[in-house]
Structures are given as C-alpha cells and as structure tokens.
Amino acid sequence: MEGFGCSPIKRVRELGSHSHKKDNKSMNKTQINLNPTGRVNTLSSSSLPINLQSVFIGIMLGDGSLYRSSPTSNVRFEMSFGQNYEAFALQLGELFKDYMLNPVKSLEVKGLNKNYTNYRLKTRSLPIFVPYFNMFYIFNKDLNKHVKIIPQNIIELLDPVVLAFLIQTDGNFDKGRNRVRIYTNSYQKEDVQNLAIAINNKMGFYTGVLHDRQNQWILTIGAKQLNLLRETVSTHFYSSMLYRIGL
C-alpha cells in the first residue's frame with residue numbers, strides 16, 4: 001500500500017478474469033447526481049459531497065489508494081484498472097472529475113508475450129483527501145512506512161453504497177459455490193473481522209472470515225445470503241460490474 005516514501009502506483013492488478021463489452025452507462029438502476037449545481041470548489045471544501053463519501057469509502061476499502069509525499073503535504077487519490085475495465089474506469093473518472101487535472105489515462109503495459117492496456121485514475125493533491133488518508137493509513141514503525149487499514153469505526157461508515165463499491169473493486173462471484181468473495185488479503189485479520197462484524201450488524205446478513213493463504217483473510221457471503229445481498233447493493237452497481245454478484 002502507498003504512503004510516505006512509497007511508489008505512488010501499486011502494481012496493476014486485474015479486477016477479475018471476465019471479459020466484458022465496453023459500457024459507459026451510469027448505474028444499472030439509479031443515477032448518481034453528486035453535483036447538480038455545478039463544479040465542486042475543491043480548494044475550499046473540507047470533505048467530499050455526502051453522496052460521494054460513501055462511494056469513496058467503498059473504493060478505499062477495496063483497490064483505491066492515497067499518496068502523500070510528506071507529513072505536511074496534501075493527498076491525492078489513485079486507482080489502476082485492468083484492460084477489461086475501461087468502462088468502470090471512465091465511470092469513476094466521471095464521478096471524480098472535479099478533483100482531476102486530466103481524465104482517466106490508458107497505459108500500455110509490456111507483458112512477457114504481449115502488451116496490455118491498463119487505465120489509471122489520478123486526482124490532484126488536495127487537502128480534501130487528507131482526512132481520508134488519516135482514516136485509512138497508519139505508520140508502521142517496523143516497515144518504516146504508512147500501511148493501509150480498515151478504519152476502526154467502519155460500522156459507522158458502512159452503508160449499502162460503501163458495500164457496493166467495495167464489491168465492485170475487490171469482489172468476485174464464486175459460481176461453483178454460489179457465493180461472493182471479497183478479497184481483503186492485504187489487511188490484518190483483526191481488520192477483516194471488524195469489517196465482517198460491521199456488515200453482519202449493519203446490513204443484516206452473515207459475512208464469514210475465511211483463511212485464504214499464508215496470513216491472508218477474505219470475506220465470504222454465502223448462497224443463503226445472496227438474494228439479500230443483491231437486494232441491498234445491486235442498485236448501486238454499474239451494469240458492467242453486476243457479474244461480481246452473479247447477475
């Protein structure tokens with residue numbers, strides 16, 4: 001994870017193995033109207049618009065990252081997308097356009113046998129992202145850098161939009177077992193357990209903590225909870241990402 005002294009872009013990770021047609025539609029069932037009155041004054045605002053906050057927290061629980069060059073500098077938001085996720089990248093770019101100097105960029109990545117196109121979203125460094133850096137990162141003395149965490153008050157932050165964007169960025173539908181997996185591998189076990197408890201208590205359906213490999217833990221939402229999960233989050237999904245909850 002990013003932090004002081006770290007590379008601003010983490011290794012590009014494919015957001016799944018499915019190939020989808022390009023889809024520049026808005027949400028599958030609902031539109032997000034974050035800024036009906038015009039552009040956000042990003043220099044004077046102390047926090048993101050209320051609707052965008054849940055979107056952003058969900059993304060940060062997943063693949064989003066924040067970069068800060070020094071303890072007193074502003075913070076920028078970054079995210080990379082695999083080549084099958086141009087539509088999703090552009091849709092998120094539209095949500096965060098008021099905080100960006102440039103639109104989502106395509107990058108050619110040289111592979112062993114062929115080249116790939118990936119996409120990068122990067123905002124300006126702004127004070128508006130500083131509170132979120134403090135929320136999602138702590139300084140690890142052993143590693144001598146900031147590492148990403150799940151906020152301790154996640155139960156207060158969690159809502160259907162947060163969960164929807166977490167699954168869209170870090171979820172996967174396990175067709176064989178008819179369940180959804182959320183890849184929280186980078187977090188400590190205690191963090192993952194706290195997130196599971198928050199989902200259980202706030203959303204009302206059981207979420208298990210499963211040992212994946214080594215000292216890595218993921219969340220699972222099983223077949224018995226699947227219909228309730230879909231009812232809770234599907235209206236906050238982009239249509240190109242609905243496959244992640246088996247739709």
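Read-outs: derived from the displayed coordinates by stated rules, not from any lab. None of these values were measured; they are calculated from a predicted model. We place every Cβ from the backbone using ideal geometry, glycine too, and count neighbours over all the protein chains shown.
Among the residues of the stretch 45-97, those that are under 21 Å from residue 118 (Cβ atoms), touching a Lys or Arg at 6+ places or on another chain (Cβ under 9 Å) and of a type in the set (A, V, I, L, M) comprise 60, 66, 79, 87, 89, 90. Considering (1) touching a residue at least 40 places away in the same chain (Cβ under 8 Å); (2) assigned to a helix (DSSP H, G or I); (3) hydrophobic (A, V, I, L, M, F, W, C), the lone condition that residue 139 does not fulfil carries the number (2).
Within the stretch 155-187, restricting attention to residues that are farther than 17 Å from residue 233 by Cα and in contact with a Phe, Trp or Tyr (Cβ under 8 Å, 6 or more places away or on another chain), which residue is surrounded by the most Cβ atoms within 10 Å (Cβ to Cβ)? Only one residue tops the list, namely 184. Picking from residues in the stretch 101-127 that are touching a Lys or Arg at 6+ places or on another chain (Cβ under 8 Å) and among the charged types (D, E, K, R), the one that is surrounded by the fewest Cβ atoms within 10 Å (Cβ to Cβ) is 105.
Of all the numbered requirements in (1) aliphatic (A, V, I, L, M); (2) assigned to a helix (DSSP H, G or I); (3) crowded, with 18+ Cβ neighbours inside 10 Å, residue 130 misses one, and that requirement is (3).
Given the criteria touching a Gly at 6+ places or on another chain (Cβ under 7 Å) and within 22 Å of residue 66 (Cβ to Cβ), does residue 170 qualify? When the stated conditions are applied, residue 170 passes them. Could you tell me whether any residue of the stretch 211-222 is within 15 Å of the chain's Cα centre (by Cα), basic (Lys, Arg) and more than 21 Å from residue 92 (Cα to Cα)? No, the stretch 211-222 contains no residue that is within 15 Å of the chain's Cα centre (by Cα), basic (Lys, Arg) and more than 21 Å from residue 92 (Cα to Cα). The strands (runs of 3 or more DSSP E) located wholly in the stretch 165-247 that include 1 or more residues which are aromatic (Phe, Trp, Tyr) occupy 171-174, 216-221.
It is to be established whether one or more residues within the stretch 188-196 are in contact with a strand residue (DSSP E or B) (Cβ under 6 Å, 6 or more places away or on another chain), loosely packed, with under 14 Cβ neighbours inside 10 Å and basic (Lys, Arg). The answer is yes; a qualifying residue exists.
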